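Novice: Got a structure here, written out as structure tokens. Questions coming.
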Amino acid sequence: MSTFLDTNCLLRYLLADIEDQFEMVRRCVEQGACTAPEFIAECVYVLGGSVYGFDRADVASTMGFLLDDIACEHEAAMRYALELYRDHNLDFADCVLAARSVIEGVPVLTFDKRLNQLLEKLS
């Protein structure tokens, strides 16, 4: 059975800033650890926030590398959401909705004008 990694584990793996925690997570990753979209989203939020201050392109690139190593539910949609996040000034959650709409054919109902504009552009 795969080990499920939360946001803190993902951040330790990405940042390698606490060596013993990084090593523990690295071993789990080598054994096929996995995660979920909500933890990817939280990492995007944390990395782009005031503590780490990554720009959108660096967040998208870093999280893409993470997805190379760690399995994630809805992986194709998450990768596309990272591209949308990099290229558009929308919250990551909106990018996930747009990506799932395109990649998985999931209809989206929203009253968010900017998200609707992106959905129209992508369809």
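Novice: Would you check which residues across the range 6-38 are of a type outside the set (Ser, Thr, Tyr), in contact (Cβ under 8 Å) with a residue 12 or more places away in the chain and within 11 Å of residue 69 (Cα to Cα) and list them?
Specialist: 10, 14, 26, 28, 29, 31, 32, 33, 34
Novice: Moving on. What pairs come out if I take residues in the range 41-55 that are of a type in the set (Val, Ile, Thr) and pair them with residues that are in a helix (DSSP H, G or I) and buried (at least 19 other Cβ atoms within 10 Å of the Cβ) whose C-beta lies under 7 Å away, six or more apart or interchain?
Specialist: Pairs found: 44/59; 44/63; 44/85; 44/92; 46/11.
Novice: Identify the residue in the range 59-112 that is within 21 Å of residue 11 (Cα to Cα) and β-branched (Val, Ile, Thr) and, among all such residues, is surrounded by the fewest Cβ atoms within 10 Å (Cβ to Cβ).
Specialist: Taking the candidates together, the pick is 62.
Novice: Identify, please: which residue in the range 37-51 is within 15 Å of residue 15 (Cα to Cα) and surrounded by fewer than 16 Cβ atoms within 10 Å (Cβ to Cβ) and is, among those, farthest from the chain's Cα centre (by Cα)?
Specialist: Looking at the filtered set, the residue picked out is 51.
Novice: Something else about it: Anything in the range 106-123 that is touching a helix residue (DSSP H, G or I) at 6+ places or on another chain (Cβ under 7 Å) and in contact (Cβ under 8 Å) with a residue 12 or more places away in the chain? List them, or say none.
Specialist: If the condition is that a residue be touching a helix residue (DSSP H, G or I) at 6+ places or on another chain (Cβ under 7 Å) and in contact (Cβ under 8 Å) with a residue 12 or more places away in the chain, then 110, 112, 115, 118, 119, 122 are the ones that fit.
Novice: Related question: What helices (runs of 4 or more DSSP H) completely inside the range 15-110 contain at least 1 residues that are within 16 Å of residue 121 (Cα to Cα)?
Specialist: It comes to 75-87, 92-104.
Listed here are the residues, each with its yes/no results for (1) touching a Leu at 6+ places or on another chain (Cβ under 7 Å); (2) at pLDDT 95 or above; (3) of a type in the set (D, E, K, R).
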{"residue": "44", "(1), (2), (3)": "no, yes, no"}
{"residue": "55", "(1), (2), (3)": "no, yes, yes"}
{"residue": "76", "(1), (2), (3)": "no, yes, no"}
{"residue": "79", "(1), (2), (3)": "yes, yes, yes"}
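Novice: If I filter the range 1-19 down to residues being of a type in the set (D, E, K, R) and touching a helix residue (DSSP H, G or I) at 6+ places or on another chain (Cβ under 9 Å), which single residue comes out as surrounded by the fewest Cβ atoms within 10 Å (Cβ to Cβ)? If you could, list the steps in order and put the result at the bottom.
Specialist: So the first thing to find is which residues in the range 1-19 are of a type in the set (D, E, K, R), and the list is 6, 12, 17, 19.
Filter again for touching a helix residue (DSSP H, G or I) at 6+ places or on another chain (Cβ under 9 Å), leaving 6, 12, 17.
Numbers: 6: 13, 12: 20, 17: 10.
In this case the residue turns out to be 17.
Novice: Criterion first (among the acidic types (Asp, Glu) and over 24 Å from residue 97 (Cβ atoms)) does residue 75 satisfy it?
Specialist: No: the conditions fail for residue 75.
The values are calculated or read from the model by the stated rules, or taken from the named source; none is laboratory data. Here the structure is a predicted model, which means the values were calculated and not measured. Please note: Cβ atoms are built from the backbone with ideal geometry, for glycine as well, and neighbour counts cover all protein chains shown.
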